[in-house]
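Working notes, structure below.
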Amino acid sequence: MLFDVCVLNAIFNMAEQLIISVSGMRGIVGENLTASIAADYGRAFGSFLKEGYKTSKEKLSVCLGRDSRPSGRMLKLALSEGLCSVGVDVIDLGIVTTPCVGIMVRELGCSGGVVITASHNPAQYNGIKLLLCNGIAPPPDAAERIKQCFFDKRFALTDAVNFGKMTCNEQTDGVHIAKVLAIVDKEAIVAKRFTVVLDSVNGAGGRITKKLLTELGCKVFAINDEPTGRFTHNPEPNTESLKGLCEEVKTKRADIGFAQDPDADRLAVVDENGTCIGEEYTLALAAKYIFSKDTGCAATNLSTSRMIDDIAAESGGEVIRTAVGEANVAEAMIKNNCIIGGEGNGGVIDLCVGPVRDSLVGIALILQFMAETGKTISQLVNEIGRYYMIKNKYTVEQSQMQQILDSAKSEFASALVNTIDGCRFDFEDGWLHIRASNTEPIMRIIAEAKDQRIAQEYIVRTKAFIH
Ligand code: MG
């Protein structure tokens, strides 16, 4: 497994679990995620970077951004101290989105990037996400080396003369928006004068997204758009948490509503009737637009809806399936020169902007699709068609996980099986994916079919042998 929660509990003797995975570090601030842990994680990341660049005479630098959680400031200072102590310069980007950091790492030619965010987790959580110089999270072997360095405290500390320097950079919004505008026909969108409601859950997305929408000629009604980190609803952008946005779309007679998670890599869409259409449609809509212009490859993870396969097939394209995790999708996209990619949780990736899930990319492509077709968002959704997806999760001991996967292989022996990340079983009428989470000690079970009863049947059969 990729996480070492048991080991960490033994070390810190804490009730809650601090999790280190390929996605970075995530924990509860003040309990198991403290300034000293953040500083050591910074030292570990800086030491890892120095190892990779040891023949270079250039001073290494890392750009660092954070979402709006109040604890982010403390973690930023601690991480910066850790990075500087091993001789790495820190460029502070301030409160910015996760995709912004992925873009600025490459824009500024940094050796790496750090995002301080716990994404959609509740406010008491925070996390530290690491990026390499290509803007992508470290692959598993690199993540393992950083983790070992953190545990062993084998830091490449430097002397006072070579201590890292801290500077600030406030160019992020402009750089990011210019890249997003370059992938759409700005004038076509401006001409439509769309009315848009935006809910940024008081995360990092409000400021930059309002600027982008204004550039695109939209009449913007923003709610929860201050970067206070006070989440007025569950920060996971799902149907239940977006009731306020749905109401506002109806009240303002808006063309569309957009919701972001606190670090604004994920996007959920509300149609003009005030209906939350579900995050799986975000990537599907973006892909439908891209495939209407071009054909080629798309990449997405094993847990993402079959809608993208249907969309790619219509234009003679194909879909590459990867293990769950943004870095896996991004790597597959680069390797296969994909024209679009992302994950079903509302994360759209366009390599022309950056190799990171980006809600601004999703917004721009969906508005472009509406502008070009002259159709409402609900019409575009209806044209894609409907699948029913059911998601379940179970707390499972690590020792039981392989046994469950073996049982699943016997139970669904007639299906096409993909084992790159747990087991995904593809049937003619749907699919089932069973996998261990990268960030929590749980097993996720996802089933999808055109017929809800069939999806439910896959879940029932799986539950039977888990129990
Ligand atoms: Mg996120």
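The values are calculated or read from the model by the stated rules, or taken from the named source; none is laboratory data. Note that the structure is a prediction, hence the values are computed from the model and not measured. Note: ideal-geometry Cβ built from the backbone for every residue, glycine included; neighbour counts use all protein chains shown. For accessibility, only protein heavy atoms count, side chains too; no ligands or nucleic acids. Shrake-Rupley method; radii C 1.70, N 1.55, O 1.52, S 1.80 Å.
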Give, rounded to the nearest 20 debye, the magnitude of the charge dipole that the chain has about its Cα centre when Lys and Arg contribute +1 at Cβ and Asp and Glu contribute -1 at Cβ. 680
Give the Rg (one decimal place) followed by the Dmax (whole number) of the stretch 388-466, computed from C-alpha coordinates and expressed in Å. 11.6, 34
Looking at the stretch 175-384 from every direction and averaging, what is the projected area of its Cα convex hull in nm²? 10.0
How long are the semi-axes of the equivalent ellipsoid of the stretch 136-211, taking √(5λ) for every eigenvalue λ of the Cα gyration tensor, in whole Å from largest down? 41, 18, 14
Answer with one residue from GLY27, ALA39, ILE146: the one whose Cα lies farthest towards the positive end of the charge dipole of the stretch 16-170, charges on Cβ with Lys, Arg +1 and Asp, Glu -1. ILE146
Any idea of the accessible area per residue across the chain, 1.4 Å probe, to the nearest Å²? 40
Obtain the nm distance between the two label points defined at ASN392 and ASN162 by a simple spin-label model: each point lies 7 Å from its Cα along the Cα-to-C-beta direction. 5.6
What number comes out for the charge environment of LEU405, summing +1 per Lys or Arg and -1 per Asp or Glu over other residues with Cβ under 12 Å away? 0
Just the C-alpha atoms of the stretch 246-371: what Rg/Rh do they give, with Rh taken as the Kirkwood radius? 0.97
Of PRO441, VAL356, VAL324, which is farthest on the positive side of the dipole of the chain, counting Cα position, with +1 on Lys and Arg Cβ, -1 on Asp and Glu Cβ, and the Cα centre as origin? VAL356
log₁₀ of I(q)/I(0) at q = 0.06, 0.12, 0.13 Å⁻¹ - the chain, Debye sum with one point per alpha carbon: -0.25, -1.05, -1.23
On a straight-distance basis, which lysines could pair with LYS391 in a cross-link, Cα separation under 20 angstrom, same-chain partners fewer than 8 positions away excluded? LYS409, LYS450, LYS463
Which value in Å is the Kirkwood Rh of the stretch 16-170 over different Cα pairs? 15.0
Enumerate the amide H contacts of GLY296 below 5 Å, restricted to partners 5 or more residues apart or on another chain; note that Pro and chain-start residues carry no placed amide H. GLY317, GLU318
Given an 8 Å cut-off on Cα distances and at least 6 residues of separation, report the relative contact order of the stretch 388-466 as a percent. 37
Once you charge only the Cβ atoms, +1 for Lys and Arg and -1 for Asp and Glu, what is the size of the charge dipole of the stretch 388-466 about its Cα centre, to the nearest 20 debye? 180
Give me the distance between the Cα centres of the stretch 287-339 and the stretch 86-139, rounded to whole Å. 25
At what distance in angstrom do the alpha carbon centres of the stretch 243-264 and the stretch 187-222 lie from each other? 11
Considering the options GLN403, VAL101, VAL86, tell which one lies farthest towards the positive end of the dipole of the chain, charges being +1 on Lys and Arg and -1 on Asp and Glu at the Cβ, about the Cα centre. VAL86
Sequence-separation-based contact order of the chain, relative, with Cα cut under 8 Å and 6+ spacing, percent: 12
Per the Kirkwood formula over distinct C-alpha pairs, the hydrodynamic radius of the stretch 134-269 in angstrom is 17.8
Correct semi-axes for the stretch 84-190, from √(5λ) of the alpha-carbon gyration tensor and rounded to whole Å with the largest first, are 30, 18, 14
The Cα extents of the stretch 337-459 along the principal axes, largest first and rounded to whole Å, are 50, 32, 27
